[in-house]
Structures are given as structure tokens and as C-alpha cells.
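J.: Right, I'll just put the structure down here and ask away after.
The values are calculated or read from the model by the stated rules, or taken from the named source; none is laboratory data. Remember, predicted model here, so these are calculated numbers, not experimental data. Glycine also receives a Cβ, built like all others from the backbone with ideal geometry; neighbour counts cover every protein chain displayed.
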Amino acid sequence: MKKLTELFLKYKELVTYVFFGALTTLVNFLTFSLFRWLLGEELYLLNNAIAWLVSVIFAYITNKLFVFGSKSFETKTLLKEISEFFGARIFSFGLEEGGMWLLIDLLSFGDYSLTVFGFKISGQLIAKLLLSVIVVIFNYFASKLVIFKKKSK
């Protein structure tokens, strides 16, 4: 148990990022699915935009408080973090939206589906999952190296 604790402490930031990243992805997918149901599949880019906004707000809060441990709530710090966080997320949102358009409209992923353990997964969700991997990796490095970068002492 001591080894496990040491390992966790050594990689705490990465472990918490993966944990909260998974929760953020869950928030994103649930929101996307809800709006697909409410607004229809044909509005997938709008549904994705709404899911993105909800999940970015969730991600900022969890990244600030639990992953990178940014303790300052000074207005100057908050404005800097929020603008950089949303700026990086807008860039990754563009990657995801462009990727979804490419995969769904140009490469016809929407015409396919996959059944896993009796659950049918649409081509839209498969495309979203593939792009989520790329986005999560980009977002981690943007957060670690720019937004919540530790100041040298």
C-alpha cells in the first residue's frame, strides 16, 4: 500500500488530470447526447458547441482546484487563467468541430454504427470519441505548460 501511495503522490497531477478529464468527457458526452435528443442529430455541430461550453466550465473549475492546485482567486489571476483556459479550449474546440465536420460530412462516419455489448454506437459518437483523445492530449499540455504553469521560486 505504501508503494501505491508513493506512486500516486509522484504522479498525482497526471492521475487527477486523467480522472477529472474522464469526468469532463462524460459531462461533454452526456450533454452532447442530451442535445442530440432534444434538437436532433442534424444539428450535431450546435449540439457539440453546447456540450463544449458546459464541459469547459466544468474543466476549468476542476483543473484549477483539484488538478493544478491554483489557489489564487485574485481578479488579475482569475482573468488571466480564464482567458488562457478558454483561449486554449477554443483552439481545441476548432480542432474538434473541424474534425467532426471532416469525419461526418466528408468521410461519412455518420453512415456507420457499431454495436458493443448490445449498445449501438453511432458514427457521430465514434468520431467524437476519436477526436476527444486528440483534444485531451492538447488540453493537458496547454494547461500544464501555459495556463496553470507553476511560477519558479
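J.: Every residue in the range 68-91 that is within 15 Å of Lys144 (Cα to Cα) and in contact with a helix residue (DSSP H, G or I) (Cβ under 8 Å, 6 or more places away or on another chain), please.
T.: Across the range 68-91, the qualifying residues are Phe68, Ser70, Glu81, Ile82, Glu84, Phe85, Phe86, Ala88, Arg89.
J.: Would you mind stating whether Ala142 is at pLDDT 90 or above and in a helix (DSSP H, G or I)?
T.: No.
J.: When you look at Ser70, is it touching a Phe, Trp or Tyr at 6+ places or on another chain (Cβ under 9 Å), surrounded by 14 or more Cβ atoms within 10 Å (Cβ to Cβ) and part of a loop (DSSP other than H, G, I, E, B), yes or no?
T.: Values: touching a Phe, Trp or Tyr at 6+ places or on another chain (Cβ under 9 Å): yes; surrounded by 14 or more Cβ atoms within 10 Å (Cβ to Cβ): yes; part of a loop (DSSP other than H, G, I, E, B): yes.
Yes.
J.: I need a count of the residues in the range 76-123 that are β-branched (Val, Ile, Thr), touching a Ser or Thr at 6+ places or on another chain (Cβ under 8 Å) and assigned to a helix (DSSP H, G or I).
T.: Here is the first cut: in the range 76-123, the ones β-branched (Val, Ile, Thr) are 77, 82, 90, 104, 115-116, 121.
Narrowing the set further to residues that are touching a Ser or Thr at 6+ places or on another chain (Cβ under 8 Å) leaves 77, 121.
After this cut, where a residue has to be assigned to a helix (DSSP H, G or I) as well, the list is 77.
Result for the range 76-123: 1.
J.: Can you tell me how many residues in the range 17-32 are surrounded by 14 or more Cβ atoms within 10 Å (Cβ to Cβ) and over 14 Å from Asn63 (Cα atoms)?
T.: Number satisfying all stated conditions: 5.
J.: Residues Ser72, Ser83: which one is at pLDDT 90 or above, farther than 16 Å from Leu131 by Cα and of a type in the set (Gly, Ala, Ser)?
T.: Details: Ser72 fails: at pLDDT 90 or above.
Step by step, each of Ser72, Ser83 is checked, and only Ser83 is at pLDDT 90 or above, farther than 16 Å from Leu131 by Cα and of a type in the set (Gly, Ala, Ser).
J.: Shifting gears a bit: Can you find even one residue in the range 7-18 that is within 19 Å of Ser92 (Cα to Cα), among the β-branched types (Val, Ile, Thr) and modelled with pLDDT under 95?
T.: The answer is yes; a qualifying residue exists.
J.: Residues in the range 98-124 that are surrounded by 13 or more Cβ atoms within 10 Å (Cβ to Cβ) and either modelled with pLDDT under 85 or of a type in the set (S, T, N, Q) (or both): how many?
T.: Taking the range 98-124 first, the residues surrounded by 13 or more Cβ atoms within 10 Å (Cβ to Cβ) are 99-104, 107, 109-110, 112-113, 121-124.
With the extra rule that they be either modelled with pLDDT under 85 or of a type in the set (S, T, N, Q) (or both), the set shrinks to 109-110, 112-113, 121-122, 124.
Summing the residues that are surrounded by 13 or more Cβ atoms within 10 Å (Cβ to Cβ) and either modelled with pLDDT under 85 or of a type in the set (S, T, N, Q) (or both) in the range 98-124 gives 7.
J.: Next question. Go over the candidates Lys128, Lys149 one by one and state the one that is within 22 Å of the chain's Cα centre (by Cα), buried (at least 17 other Cβ atoms within 10 Å of the Cβ) and among the basic types (Lys, Arg).
T.: Values: Lys149 fails: buried (at least 17 other Cβ atoms within 10 Å of the Cβ).
After applying the criteria, what remains is Lys128.
J.: Please specify each residue of the range 73-86 satisfying the condition of being within 17 Å of the chain's Cα centre (by Cα) and surrounded by fewer than 13 Cβ atoms within 10 Å (Cβ to Cβ).
T.: Ser83
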